[in-house]
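S.K.: My questions will all concern the structure given below.
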Amino acid sequence: MKKLSFIPILLFVLFSCSPDEERQAPTNTVQTTTPEPVVVQYTLTVTVSEGGSVTDGGIFDDGTELTITATPDEGYAFVGWEGSTATEENLTITLNSNQDYQALFELIPQTLKDRLIEIGYNLPKENPKQELIAASSVPQELINDFFEVQSSLNSTIGGYDNYLMVIWDTNENSQNVIDKLKDLRFNESEGWASVEELGLSCLTGNLWYGPGEPDEHDICINSYEWFLNPQFNNHPQQNQKSLDTYHMYAHEYFHAYQGRSYLDKNLNEDAPTWWIEGAALYFQNLWMLQNYSKFSKLSGLNYERELTNNGRSQAENYKSFKRIFQGIEEGRGSINENWYLTSLEESYQTRDNNTQTFVEIVVAYLAYITSPKIAMIKILEDGYDLGFEGSFVKHTGLTYQEFYEDFNNFMRSENPNSDPPLGMFIKGDINEYADFWDIKVKTQ
Ligand SMILES: [Zn+2]
């Protein structure tokens, strides 16, 4: 109410000015000079679509020539001007009317490779996004175990995002598993209706399931049944079951590590199977020997032969295969004195399935003639750019064929009961001789 009382005063002031102004205004002017020409001005209005910036418009004299410049943001491209047919980022205008221009940009579609690099798919991290999705019937103890082991693996190999361990059980107990995989559009193209159809699929992921948006997860799918009898080894004792389970965790996570450096390329189609499997076996045993004493579930397992995946120490396994190749020990399956490492071991389709306990020695030999760091890390750094064999040649100086010949000769020479040469199976802190955190993948 109080404010209203000011209004009459203000009005009075305004009205009282008017007579003065009128009085001061000239009433009669004699022009003695040429009048200033009236300058017409126009407005240049410049706007911008999402994805970039543009120089300002404004008010300018008629006939002014101006250049406006559009600049796209990173990831966008300039596509043209609304208001002009010009296609250059610099648009020169002669202003003779009010004019309107909008700089137009569009998102440059990202390649899968660029997207993977952008999200750090191939870089180890301190706190990676990793998950375990387990059926409701899976005991909490098993879940805790996974994270305990995974934490050790992360500190050794490096933490890679989007690693997903899946443990399914009956359909009714696995709704969260189903929801998660549907969310990730897992194997959407093939389609699946029940968890049984998932089977045991490790390592898998959406990067290699088309069509549609690839989802950059590495997924390890297991059934709870598998954990009750890990590796189908029928080990009665709990510490042996845990050992088999932990070996699987290490082995599969190593496969995830191997694949990451290949980004949008498929490692399985380029690297030889003997190396993919051999390096995973070689690593899992080195890691287990370094870390077993930290895991309470493994107590009672103290000897190297109990801790490796073969039930034999790495050295014993090596000697045994040497004896087999030299014809003084009975062969194992199809591996006997007439068996040679050849290019058949380069693909999952043509390899001999009896080699799974043997290819570890091939990679150990590779580590021996180069170094564990080269055999497990450096060879991957150049794989994307050079192809795996190109990288292999660069780091060993040998073609695959030359390497196979050397290896076959090595296994057939010298006393098979001598210890493996130094540098084949190294004990101690893995990161001291092969620092996985230091991987520098080259991508052109
Ligand atoms: Zn494997």
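The values are calculated or read from the model by the stated rules, or taken from the named source; none is laboratory data. Computed from a prediction, not measured in an experiment: that's the story for all the values here. Every residue, glycine as well, gets a Cβ built from its backbone with ideal geometry; the counts of neighbours run over all protein chains shown. Side chains are part of the model used for accessible areas, which takes the heavy atoms of the whole protein and leaves out ligands, DNA and RNA. Shrake-Rupley method; radii C 1.70, N 1.55, O 1.52, S 1.80 Å.
S.K.: Please work out which residue is surrounded by the most Cβ atoms within 10 Å (Cβ to Cβ), limiting yourself to the range 54-79 and to residues that are over 26 Å from residue 96 (Cβ atoms) and hydroxyl-bearing (Ser, Thr, Tyr). Give the steps one after another, and end with the answer.
M.R.: So the first thing to find is which residues in the range 54-79 are over 26 Å from residue 96 (Cβ atoms), and the list is 71-77, 79.
Applying the additional criterion that residues be hydroxyl-bearing (Ser, Thr, Tyr) yields 71, 76.
Details: 71: 14, 76: 16.
Only one residue tops the list, namely 76.
S.K.: Which of the residues that make up the range 134-171 are under 23 Å from residue 183 (Cα atoms), hydrophobic (A, V, I, L, M, F, W, C) and either open to solvent by less than 40 Å² (accessible area, probe 1.4 Å) or in contact with a helix residue (DSSP H, G or I) (Cβ under 6 Å, 6 or more places away or on another chain) (or both)?
M.R.: Passing the criteria: 134, 135, 138, 143, 146, 164, 165, 166, 167, 168.
S.K.: Would you mind telling me which numbered condition in (1) within 30 Å of residue 53 (Cα to Cα); (2) out of contact with any strand residue (DSSP E or B) (no Cβ under 8 Å at 6 or more places or on another chain) residue 103 fails?
M.R.: (2)
S.K.: Just one of (1) within 30 Å of residue 366 (Cα to Cα); (2) among the aliphatic types (A, V, I, L, M); (3) part of a helix (DSSP H, G or I) trips up residue 263, so point out which.
M.R.: Failed condition: (3).
S.K.: Which of the residues that make up the range 347-361 are within 14 Å of the ligand (Cβ to nearest atom), surrounded by 22 or more Cβ atoms within 10 Å (Cβ to Cβ) and part of a helix (DSSP H, G or I)?
M.R.: 355, 359, 360
S.K.: Report, by residue number, each residue of the range 279-313 that is in contact (Cβ under 8 Å) with a residue 60 or more places away in the chain and within 12 Å of the ligand (Cβ to nearest atom).
M.R.: 279, 281, 282, 283, 309
S.K.: Among the numbered criteria (1) within 16 Å of the ligand (Cβ to nearest atom); (2) polar (S, T, N, Q); (3) farther than 30 Å from residue 115 by Cβ, which one does residue 266 miss?
M.R.: (3) is the only condition that residue 266 fails.
S.K.: I need a count of the residues in the range 414-432 that are hydroxyl-bearing (Ser, Thr, Tyr) and modelled with pLDDT under 95. If you could, list the steps in order and put the result at the bottom.
M.R.: The initial filter retains those residues of the range 414-432 that are hydroxyl-bearing (Ser, Thr, Tyr), namely 418.
Checking the rest, the ones that are also modelled with pLDDT under 95 come to none.
Of the residues in the range 414-432, 0 are hydroxyl-bearing (Ser, Thr, Tyr) and modelled with pLDDT under 95.
S.K.: Just one of (1) over 21 Å from the mean Cα position of the chain (by Cα); (2) at pLDDT below 95; (3) assigned to a loop (DSSP other than H, G, I, E, B) trips up residue 444, so point out which.
M.R.: (1)
S.K.: Mind listing whichever residues of the range 181-193 are surrounded by fewer than 12 Cβ atoms within 10 Å (Cβ to Cβ) and within 18 Å of the chain's Cα centre (by Cα)?
M.R.: Passing the criteria: none in range.
S.K.: Which one is modelled with the lowest pLDDT, of the residues in the range 200-232 that are part of a loop (DSSP other than H, G, I, E, B) and within 16 Å of the ligand (Cβ to nearest atom)?
M.R.: By that ranking, first place goes to 205.
S.K.: Do the conditions hold for residue 276, that is, is it assigned to a helix (DSSP H, G or I), in the same structural domain as residue 385 (by TED's automatic domain parsing), modelled with pLDDT of 95 or more and within 16 Å of the ligand (Cβ to nearest atom)?
M.R.: yes
S.K.: Mind telling me which of the residues 196, 225, 216 ends up being among the acidic types (Asp, Glu), within 26 Å of the chain's Cα centre (by Cα) and not assigned by TED's automatic domain parsing to the domain that holds residue 348?
M.R.: Values: 196 fails: within 26 Å of the chain's Cα centre (by Cα); 225 fails: within 26 Å of the chain's Cα centre (by Cα).
One residue alone meets the criteria, 216.
S.K.: Report yes if residue 86 is open to solvent by less than 40 Å² (accessible area, probe 1.4 Å), not in a strand (DSSP E or B) and not aromatic (Phe, Trp, Tyr), otherwise no.
M.R.: Numbers: open to solvent by less than 40 Å² (accessible area, probe 1.4 Å): yes; not in a strand (DSSP E or B): yes; not aromatic (Phe, Trp, Tyr): yes.
When the stated conditions are applied, residue 86 passes them.
S.K.: Any residue in the range 126-133 that is open to solvent by 50 Å² or more (accessible area, probe 1.4 Å) and within 16 Å of the ligand (Cβ to nearest atom)?
M.R.: Scanning the range 126-133, I find no residue that is open to solvent by 50 Å² or more (accessible area, probe 1.4 Å) and within 16 Å of the ligand (Cβ to nearest atom), so the answer is no.
S.K.: Examine the range 267-277 for a residue that is open to solvent by 50 Å² or more (accessible area, probe 1.4 Å) and over 29 Å from the mean Cα position of the chain (by Cα), and state whether such a residue exists.
M.R.: Within the range 267-277 (the criterion being open to solvent by 50 Å² or more (accessible area, probe 1.4 Å) and over 29 Å from the mean Cα position of the chain (by Cα)), the answer is no, since none of the residues qualifies.
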